[in-house]
Amino acid sequence: MDPSSEPLYAQVEPYDSGFLKVSDVHTIYYEQSGNPQGHAAVFLHGGPGAGTSPGNRRFFDPQFYRIVLFDQRGAGRSTPHACLEQNTTWDLVADIEKLREHLGIPEWQVFGGSWGSTLALAYSQEHPDKVTGLVLRGIFLLRKKEFDWFYEGGAAAIFPDAWEPFRDFIPEDERNCFVDAYNKRLTSSDPIVQVEAAKRWTMWEMMTAQLIQNNDNIKRGEDDEFSLAFARIENHYFVNKGFLPSDSFLLDNVDKIRHIKGFIVQGRYDVCCPMMSAWDLHKAWPEAEFKSLELQVMNFSWMKIFFRW
């Protein structure tokens, strides 16, 4: 759904924005909005590679929160665009800390959805003393069964019309692993091949992100610049299994965040991030409040209820 059509908080403009050099290669864009003296909250966008958008600010009460958004390495306004070098989960975890220190924030609430929930868990497990609370929606844990579901034919049973263009771009003799096959093309030396592969990869996700397809999402997937960063970075993370040491790493390390106030919300019919992942996290972390919606989770007014912690 378009955030502007949902009963969230009114749109606000940033009171501060800038760029932070986080490595010899990467510089990330960040912005702050809301109340400069308010409770700090950082928003972690999805993808990876999607970047932030103005509507992301609307999840937060601007009178209560000091709202921090940033574009992860290679995404959005961060530079260099679509760059895979020095771009791993642990690089991003380190960037979040560098940004927190740069802004002089002692601790903050962390919000993430989809890939953002993955990164929120990884960051919180690495720096639990800096997190006042976790709000996670559309849970994604970077496990093989999640990749298999979305990229190897599971979700195709629900969206065969969207799946076929994604599938047909890959020759039949390479269809044993679509993530690997797309990686070959997304890292091709031919920029034309890169762009076409990026559009196919991105469109598959844009067309399945919501049960009722969103034309704005689909148009976004048609944009060369957006799709190149989205597809290249996302595929780079997935072909490397998120740079995690094991398939169950995020679940195995829940003890590190068990004391943090948490809220998990999941749409039962979320095709990209299936319910099984949120349920597994709920079982591993029963102390966190869990809510399952008979809707797909995107931008819903219930978010207001849980953001005044």
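The values are calculated or read from the model by the stated rules, or taken from the named source; none is laboratory data. The model shown is predicted, which means the values in this text are computed figures rather than measured ones. Every residue, glycine as well, gets a Cβ built from its backbone with ideal geometry; the counts of neighbours run over all protein chains shown.
Return only the number of the condition from (1) at pLDDT below 95; (2) under 28 Å from D91 (Cα atoms) that L251 does not satisfy.
Evaluating L251 over (1) at pLDDT below 95; (2) under 28 Å from D91 (Cα atoms) leaves (1) as the failure.
Regarding the range 256-263, can at least one residue be identified that is assigned to a helix (DSSP H, G or I) and farther than 30 Å from A181 by Cβ?
Looking through the range 256-263, at least one residue is assigned to a helix (DSSP H, G or I) and farther than 30 Å from A181 by Cβ.
Looking at the range 197-222 only, could you name the residues that are at pLDDT 80 or above and in a helix (DSSP H, G or I)?
A197, A198, K199, R200, W201, T202, M203, W204, E205, M206, M207, T208
Taking the range 276-309, which residues are among the aliphatic types (A, V, I, L, M) and at pLDDT 95 or above?
If the condition is that a residue be among the aliphatic types (A, V, I, L, M) and at pLDDT 95 or above, then M276, A278, L281, A284, A288 are the ones that fit.
Okay, residues lined up against (1) out of contact with any strand residue (DSSP E or B) (no Cβ under 6 Å at 6 or more places or on another chain); (2) not assigned by TED's automatic domain parsing to the domain that holds I67:
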{"site": "V93", "(1), (2)": "yes, no"}
{"site": "P106", "(1), (2)": "yes, no"}
{"site": "V110", "(1), (2)": "no, no"}
{"site": "G113", "(1), (2)": "no, no"}
{"site": "L119", "(1), (2)": "no, no"}
{"site": "G153", "(1), (2)": "yes, yes"}
{"site": "A157", "(1), (2)": "yes, yes"}
{"site": "P160", "(1), (2)": "yes, yes"}
{"site": "D168", "(1), (2)": "yes, yes"}
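Conditions (1) of a type in the set (D, E, K, R); (2) in the same structural domain as K199 (by TED's automatic domain parsing); (3) surrounded by 20 or more Cβ atoms within 10 Å (Cβ to Cβ), marked per residue:
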| site | (1), (2), (3) |
| --- | --- |
| A10 | no, no, no |
| K21 | yes, no, no |
| I28 | no, no, yes |
| F64 | no, no, no |
| L69 | no, no, yes |
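Across the range 168-204, which residue is nearest to F230 (Cα to Cα) among those that are among the hydroxyl-bearing types (S, T, Y) and crowded, with 21+ Cβ neighbours inside 10 Å?
Restricting to residues being among the hydroxyl-bearing types (S, T, Y) and crowded, with 21+ Cβ neighbours inside 10 Å, the top hit is T202.
Counting just the residues of the range 223-234 that are of a type in the set (D, E) and assigned to a helix (DSSP H, G or I), which one comes out surrounded by the most Cβ atoms within 10 Å (Cβ to Cβ)?
E234
Show me the strands (runs of 3 or more DSSP E) entirely contained within the range 13-114 in which 3 or more residues are within 27 Å of A231 (Cα to Cα) and of a type outside the set (G, A, S).
16-21, 27-34, 39-44, 65-70
This table checks each residue for (1) in contact (Cβ under 8 Å) with a residue 60 or more places away in the chain; (2) surrounded by 17 or more Cβ atoms within 10 Å (Cβ to Cβ).
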residue	(1), (2)
M206	no, yes
N215	no, no
G221	no, yes
H236	yes, yes
